[in-house]
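K.L.:
First the structure, then my questions, so here it is.
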Amino acid sequence: MSVASAASVAAEDAAEEAEDPIIIGNPTDEQLSDQLLSHTWRPITRGWKLAFLITGLGTLMLLALITLTVMRGIGMWGNNIPAAWGFGIINFVWWIGIGHAGTFISAILLVLEQQRVRTSINRFTEGMTLFAVVQAGMFPLLHLGRPWFAYWLFPYPAEMDTWPQVRSALPWDAAAVTTYLSVSIMFWYLGLVPDLAGVRDRAPTLWRRRIYGIFALGWSGSVQQWRHYKIAYLTLAGLATPLVISVHSIVSLDFAEAGLPGWHSTIFPPFFVAGAIFSGFAMVVTLIIPARRVFKLHNVITARHLDMIAKMLLVTSSIVTYSYVCEMFLAWWSGDRYELFEQLRERPFGFYAVVFWVLISCNCIITQALWSRRVRRNVVALFIIAALVNVGMWLERFEIIVVSLTRDFLPSSWHQYMPTWVDIGILTGTFCFFGLLFLAFLKWIPFVPVSELKELKHEELGK
Amino acid sequence: MSSLKLSRRSLFKLAGAASLAACSSRPARAILPYAKQPPELVPGIASYYATALVEDGLATGVIVEAHEGRPTKIEGNPDHPSSGGATRAIEQAAVLGLYDPDRLQEITERSEPAPWQAIERALAVARRGRTHVLLEPTSSPLVIELIARLRNAGMTVSFWSPFEKRESLAGNAIVLGRPLQTRVDLTNADVIVSLDGDLASDLPRARQLSDRRQVIDGTSQIARLYQIETCYSTTGIIADHRRAVQPSELARTASALLAGGGDDPWLAAVARDLKRAGTRGVVIAGERASAEVHALAAQLSAGSQCVAYCEPVVFEAGTPSHELPDLEGVDTLLVLGGNPAYTSPAFAAKLAAAQTSMYLGLYANETAQMCRFVVPAQHDLERWDVARGDDGTLTPIQPLIEPLFGGHSVAEMLHALLGDRPIDARDELAAAWPKFAPAMRFEAALAHGAVPKTAAPAIADAKPSRVPINAPAPVAIELALRPHPFLHDGRYSNNPWLQELPETVTKLVWDQAAQLSPATALAHGIATGDVVELSSFDRAIAVPAIIVPGHAEGAITVPAGYGRKGAERVAREPVGANAFELAGAREVRLTRTDRHIELAVEMESPLEHHRPVALGGTLVELRDGKLALGKYRDAVPTLLTEMPRSGPQWAMQIDQTTCTGCAACVMACAAENNSPVVGKEQVIRGRDMHWLRIDRYIDDGGATVIQPMTCQHCEKAPCEYVCPVEATTHSPEGLNEMTYNRCVGTRFCSNNCPYKVRRFNWFDFKSHDPLRQLGANPNVTVRDRGVMEKCTYCVQRLRRAEIDAAVEHRAITVPKTACAQACPTNAIVFGRLDVEIAEVRRRPHSYAELHEQGTRPRTQYLARIRNTNPEIVG
């Protein structure tokens, strides 16, 4: 990209910002409340029921397959020696990566930028984070040979005086993921409290008011409460901010720490973080475009929001692409025969070459269309690109994990990896479980932060 | 208290009842402690007994380890000349054969349980009628005496085993006038030309050969081995020069050698080399080579000090009594051992026509299914007997355990047939012993396992004559019907350990596959796994094909032992056909069928991909310093902390020059360390559980290179620092240890192991069969599902040796690991880094595998050194 074109893009952005509102129209507080809260008490329509049924059945399948895996053993999966990690870890890295965009949007943009564009979408992306981390969190547990001893990865004063082995990345990983999950829950829930109170106050039936009332924790909207709330929210955002960087950095050390060709690389932490945010933003787009349509939120989730996310996709895609090039260059630069074989021979031209070319197409080539403003503002095109990025990023993890493992040092130990129906079922099951949680979230929880939006509206329109 | 009236007795009664109720899932079984402990039996301490395992009448002396009366492990008997302390994989797996739930468990008549009296009655009838007894080849003086009595009583006796020594005796009969047995001694051999020889499974010869091929440095004078063969064998792997030929080409090659090589420069060079070696040169032929080849080999070896002749050790070997009988006019047929209905389909028809038939055997196999009376036989580890080793050494056989299923022996059956009073087998043997071995007391012989100086004497005047030998003409596709290296003629097919032991050259497990060269396969459009039909006249079999680089062109090798139709469950599992259907056929038609089978081949890539993996070179290169293996040895800088060291520093050195890839070590490891069997499907998935594997690579010249690979016990172990729970740690003695109880199964250790020698329990792989469990080594944990495992350097043996040394206040006696102990060629050396291993590690061709990874492995290798003939290029 030339400097001139960068400058022209920047200029274009500046022009957009001037013309594009974050909120369309001038709704009153009352109207906003009704628009954004009423879905929690409206009756469930047939379409919703169908969606709940499908995702619910998929979740049941997931539970059944988890039961099967725990009862029979990890052998139900396609893992083997040399590919001792497979779908389980791929899914883990992918899901946890998806979570990152939510935290990035909510926390980093809040703390660093005080970005106003985040307001309409942050609750949504936080929900996505939370539910993605729930999916991700299952896998480190499930993939263990003896999951019932998973707590041995945590430091606790055991009677045998045994502690986790801290040179391994895995206890740190366990700590990072559980920290991430707990901070994400708190951050999400705290932000939700004023809106839960809003639902409590406006819900038509008594029992709804009671349930929402319990979760609203007695929020009355007093100045005192708002003061404490703001401090707590900003503090949690401050806590969550480094997690965006640390969690996936530590996850990347699960690989980078090993001596395996394709894993043994110092580039992994930033590379993984960029990849995580990349896939996370792609998932935001994948989810927000249908939600925006279903709930008719064009006035609060505007083209400008989508445009911003698309630009973020473009930026992270570039970082990821740069990382790919770096990996290959360093393999060549190192002169290490095993790295060279892995990066320049096996990945692009080996048994799993199709994975490589699809992921390059999805993550590096197709995203280039986002240079065009027209594409960025075309919801269909954006949706397709984002969905392909999701696929590409899953395949990237497949590439890193499976292709590296199946082609290591001694050709004698090379062995193909093929997932079983259980692997595929569990992956599908996590989609359904994620979908179920997300649908429930969309249906019963105010997924656009109403209070913040009102605040924004007053700031924006009060200018 | 008094109101309760609970006496001490009733309290215990109640407590007993309560505990019984609590343990109600356990069946009540009487267990009895040793009230008077037998002096030789200390619970927890293994006892060792010398005995022998017999195959085709020839005994291999073994030492059997028993725990509280259960035999658990078999080692070679160093005092027995047929073993020299080593074993084949087959002997290692024999324990599993003993505890086989498929063994015959009761006497049956027409498949209905019958008492022994029914057998006695049937034999009484047989005694009066025309009866034929078909035995396995035997060398037992006890049985030989009984055979003489049978013949005196008018009964006829013959012997059958499909792969016994037959061709060599026939060949010797051509040039020596009578069927004498060749006795080869390679102790002083300089040049060995092997015509389809199978030195690797011939334990004494393998040891002699490896002793003659010890490379200390580039100046070592080692024997040179040429192998001319059809199918790539373990002998071919260790040969310095190898040539692949059709089976019938062997005779022509031998003829050409006899004529000085003719116009074939390769053969001429070999012939010159042989001539230069003088009496220290020898030409040997394998048992599967034809009689002509053996005759020519004898002529070529005339004057060699390495070859002598003796009377055959097996009774009447090489005579017509070793052909299958005609059964014309026979009323009763007794088949005492073997499985002729399978190994000779032609005989099966005759057997079906027999009026009364009786079978003594271990399994309800094809023969048993065709016989009216079936009697369970005794396993070698259950019986009293006597046999001779390959060289004639008298070998007593003693039982380790009471017959598990009340089996009967051949001698017992013959006594019953002769109408003798039942006699205790041990008393009989003890009484007859002074007759067999006057020089050694019975008890002493039992303790020793062999009677020295009872080998068959060499016949001094046996000089091969120069009779002209006609070589057969070549054919388009020639069949080579071979015993399977582990399943033999199918008698071991029900042993899951042997089924799951990868054949070294093909790395194939569980299924049969016809081997053919890449060019032959290409010409017929055949790929590995394609089912091919082999036909000769009206006989045909369909087997999957496997392409083996280095196999002879225009030939197809079919291993026997498959296509089993008996009641043995394991033997019936593999895909395959009975190769004996084509027995005797030389030329076969090869046609591809539409069927394709996924074969369980344990190594996906046969190539080294230009990586310095299994290193090697020639002796001259080593002498001239051109191998430069030093760069694969030096310590690489490391960030990992130094481990504290104390006690003996254990290490291992594996010599790739003498290693034949016979896989005895792999089997020994599995037997010692309770390795589970996982089945074909799991092997295809990449989940085999052997701690030790024989890596096989095909180098740029098409030669097969092997490298036994197991945990290298790295001093800077990559597995240790990635384990989140410290389940794999370093011992002060340099062992990389695995704590199963602590393992949660993240498998990160395996991912980070550059040698990929760790094995994971993907399922609950361990055996739940109570009979099979009897064979487990009680000193090794049986691993549960979900934990990682790997080679431990047989830590249980190390601890035993340490404890013994500590108790007796003496220096430690260095134990052998199971693999090192079984190794026929001493290619695996185990010991202390600064004592036993110090010298070998200083040799110029010692190297560390994946040295540049900085793992500093304790197990290191001696590169494969070829003693090539400078006259032969390439």
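K.L.:
Restricting attention to the stretch B:686-724, report how many residues are among the acidic types (Asp, Glu) and in a strand (DSSP E or B).
P.N.:
Result for the stretch B:686-724: 1.
K.L.:
Check A:Met138, A:Met160, A:Met186 and return the single one that is over 25 Å from the mean Cα position of the chain (by Cα) and surrounded by fewer than 23 Cβ atoms within 10 Å (Cβ to Cβ).
P.N.:
So the residue among A:Met138, A:Met160, A:Met186 that is over 25 Å from the mean Cα position of the chain (by Cα) and surrounded by fewer than 23 Cβ atoms within 10 Å (Cβ to Cβ) is A:Met160.
K.L.:
To continue, here is another question. I need the full set of residues from the stretch A:248-272 which are more than 12 Å from every other protein chain (Cβ to nearest Cβ) and free of Cβ contacts under 8 Å to residues at least 60 places away in the same chain, in order please.
P.N.:
A:Ser249, A:Ser252, A:Thr266, A:Phe268, A:Pro269, A:Pro270, A:Phe271
K.L.:
Does the stretch B:651-667 hold any residues that are in contact with a Ser or Thr (Cβ under 7 Å, 6 or more places away or on another chain) and closer than 20 Å to B:Val780 by Cα, and which are they?
P.N.:
B:Ala664 - this is the single residue of the stretch B:651-667 that is in contact with a Ser or Thr (Cβ under 7 Å, 6 or more places away or on another chain) and closer than 20 Å to B:Val780 by Cα.
To keep it simple, each residue is scored yes or no on (1) buried (at least 23 other Cβ atoms within 10 Å of the Cβ); (2) under 27 Å from B:Leu362 (Cα atoms).
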{"residue": "B:Cys306", "(1), (2)": "yes, no"}
{"residue": "B:Glu311", "(1), (2)": "no, no"}
{"residue": "B:Glu323", "(1), (2)": "no, yes"}
{"residue": "B:Asp326", "(1), (2)": "no, yes"}
{"residue": "B:Leu333", "(1), (2)": "yes, yes"}
{"residue": "B:Gly338", "(1), (2)": "yes, yes"}
{"residue": "B:Phe347", "(1), (2)": "no, yes"}
{"residue": "B:Ala352", "(1), (2)": "no, yes"}
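K.L.:
Does any residue of the stretch B:632-650 turn out to be acidic (Asp, Glu) and farther than 30 Å from A:Ala150 by Cβ?
P.N.:
Yes, some residue in the stretch B:632-650 is acidic (Asp, Glu) and farther than 30 Å from A:Ala150 by Cβ.
K.L.:
Pick from the stretch A:237-279 the residues that are polar (S, T, N, Q) and outside any loop (DSSP other than H, G, I, E, B): which of them is farthest from A:Gly191 (Cα to Cα)?
P.N.:
Residue satisfying both the conditions and the ranking: A:Ser252.
K.L.:
Of all residues in the stretch B:818-850, how many are in contact with a Ser or Thr (Cβ under 9 Å, 6 or more places away or on another chain) and among the β-branched types (Val, Ile, Thr)?
P.N.:
Here the count works out to 3.
K.L.:
Just to confirm my filter: which strands (runs of 3 or more DSSP E) fall fully inside the stretch B:814-874 and include at least 2 residues that are of a type in the set (A, V, I, L, M)?
P.N.:
In the stretch B:814-874, the matching strands (runs of 3 or more DSSP E) lie at B:828-832.
K.L.:
Restricting attention to the stretch A:392-407, and to residues there that are out of contact with any Leu (no Cβ under 6 Å at 6 or more places or on another chain) and over 14 Å from A:Phe272 (Cα atoms), which single residue is farthest from the other protein chains (Cβ to nearest Cβ)?
P.N.:
Looking at the filtered set, the residue picked out is A:Val403.
K.L.:
Shifting gears a bit: Looking at this structure, is A:Leu253 closer than 30 Å to B:Glu720 by Cα and modelled with pLDDT of 90 or more?
P.N.:
yes
K.L.:
Taking the stretch B:673-700, which residues are closer than 22 Å to B:Ala200 by Cα and of a type outside the set (A, V, I, L, M, F, W, C)?
P.N.:
Within the stretch B:673-700, B:His690, B:Arg693, B:Asp695, B:Arg696, B:Tyr697, B:Asp699 meet the criteria.
K.L.:
Has the stretch B:281-288 got at least one residue that is of a type in the set (Gly, Ala, Ser) and out of contact with any Asp or Glu (no Cβ under 7 Å at 6 or more places or on another chain)?
P.N.:
No, the stretch B:281-288 contains no residue that is of a type in the set (Gly, Ala, Ser) and out of contact with any Asp or Glu (no Cβ under 7 Å at 6 or more places or on another chain).
K.L.:
Residues in the stretch A:319-356 that are in contact (Cβ under 8 Å) with a residue 12 or more places away in the chain and outside any loop (DSSP other than H, G, I, E, B): how many?
P.N.:
Going through the stretch A:319-356 one residue at a time, the tally reaches 21.
K.L.:
Restricting attention to the stretch B:692-701, which residues are surrounded by fewer than 22 Cβ atoms within 10 Å (Cβ to Cβ) and more than 10 Å from every other protein chain (Cβ to nearest Cβ)?
P.N.:
Of everything in the stretch B:692-701, those that are surrounded by fewer than 22 Cβ atoms within 10 Å (Cβ to Cβ) and more than 10 Å from every other protein chain (Cβ to nearest Cβ) turn out to be B:Ile698, B:Asp699, B:Asp700, B:Gly701.
K.L.:
Let me ask something else about it. Can you pull out the residues in the stretch B:725-754 that are more than 7 Å from chain A (Cβ to nearest Cβ), of a type in the set (Asp, Glu) and either in a loop (DSSP other than H, G, I, E, B) or buried (at least 24 other Cβ atoms within 10 Å of the Cβ) (or both)?
P.N.:
The one that is more than 7 Å from chain A (Cβ to nearest Cβ), of a type in the set (Asp, Glu) and either in a loop (DSSP other than H, G, I, E, B) or buried (at least 24 other Cβ atoms within 10 Å of the Cβ) (or both): B:Glu733.
K.L.:
Output the qualifying pairs, or none if there are none: Cβ atoms under 7 angstrom, residues six or more apart or on different chains, first residue in the stretch B:564-580 and within 20 Å of B:Val678 (Cα to Cα), second residue part of a helix (DSSP H, G or I) and among the hydrophobic types (A, V, I, L, M, F, W, C).
P.N.:
From residues that are within 20 Å of B:Val678 (Cα to Cα), there are no pairs.
K.L.:
So, B:His809, is that one more than 14 Å from chain A (Cβ to nearest Cβ) and within 14 Å of B:Asn674 (Cα to Cα) or not?
P.N.:
No.
K.L.:
Let me ask you something else. Does B:Val757 qualify as being out of contact with any strand residue (DSSP E or B) (no Cβ under 7 Å at 6 or more places or on another chain), crowded, with 19+ Cβ neighbours inside 10 Å and within 14 Å of chain A (Cβ to nearest Cβ)?
P.N.:
no
K.L.:
If I go through the stretch B:38-66 residue by residue, how many of them are out of contact with any strand residue (DSSP E or B) (no Cβ under 6 Å at 6 or more places or on another chain) and either modelled with pLDDT of 90 or more or β-branched (Val, Ile, Thr) (or both)?
P.N.:
The qualifying residues number 6.
K.L.:
Could you tell me whether any residue of the stretch B:850-857 is touching a His at 6+ places or on another chain (Cβ under 7 Å), of a type outside the set (Lys, Arg) and buried (at least 20 other Cβ atoms within 10 Å of the Cβ)?
P.N.:
yes
The rows are residues; the columns are (1) surrounded by 16 or more Cβ atoms within 10 Å (Cβ to Cβ); (2) not in a helix (DSSP H, G or I).
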site	(1), (2)
B:Gln117	no, no
B:Arg121	no, no
B:Ala124	no, no
B:Arg127	yes, no
B:Leu134	yes, yes
B:Ile144	no, no
B:Ile147	yes, no
B:Val157	yes, yes
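K.L.:
Another question, then. Tell me the helices (runs of 4 or more DSSP H) entirely within the stretch B:222-335 that contain at least 3 residues that are among the basic types (Lys, Arg). Reasoning before the result, please.
P.N.:
Details: elements: B:234-238, B:247-258, B:265-277, B:291-300.
In the stretch B:222-335, B:265-277 are the helices (runs of 4 or more DSSP H) which contain 3 or more residues that are among the basic types (Lys, Arg).
K.L.:
Within the group A:Arg293, A:Arg304, which residue is closer than 18 Å to A:Asn378 by Cα and touching an Asp or Glu at 6+ places or on another chain (Cβ under 8 Å)? Let's see the steps before the verdict.
P.N.:
Working: A:Arg293 fails: touching an Asp or Glu at 6+ places or on another chain (Cβ under 8 Å).
Step by step, each of A:Arg293, A:Arg304 is checked, and only A:Arg304 is closer than 18 Å to A:Asn378 by Cα and touching an Asp or Glu at 6+ places or on another chain (Cβ under 8 Å).
The values are calculated or read from the model by the stated rules, or taken from the named source; none is laboratory data. Predicted, not measured: the structure shown is a model, and the values here were computed from it. So basically every Cβ, Gly included, is an ideal-geometry build from the backbone, and we count neighbours across all protein chains shown.
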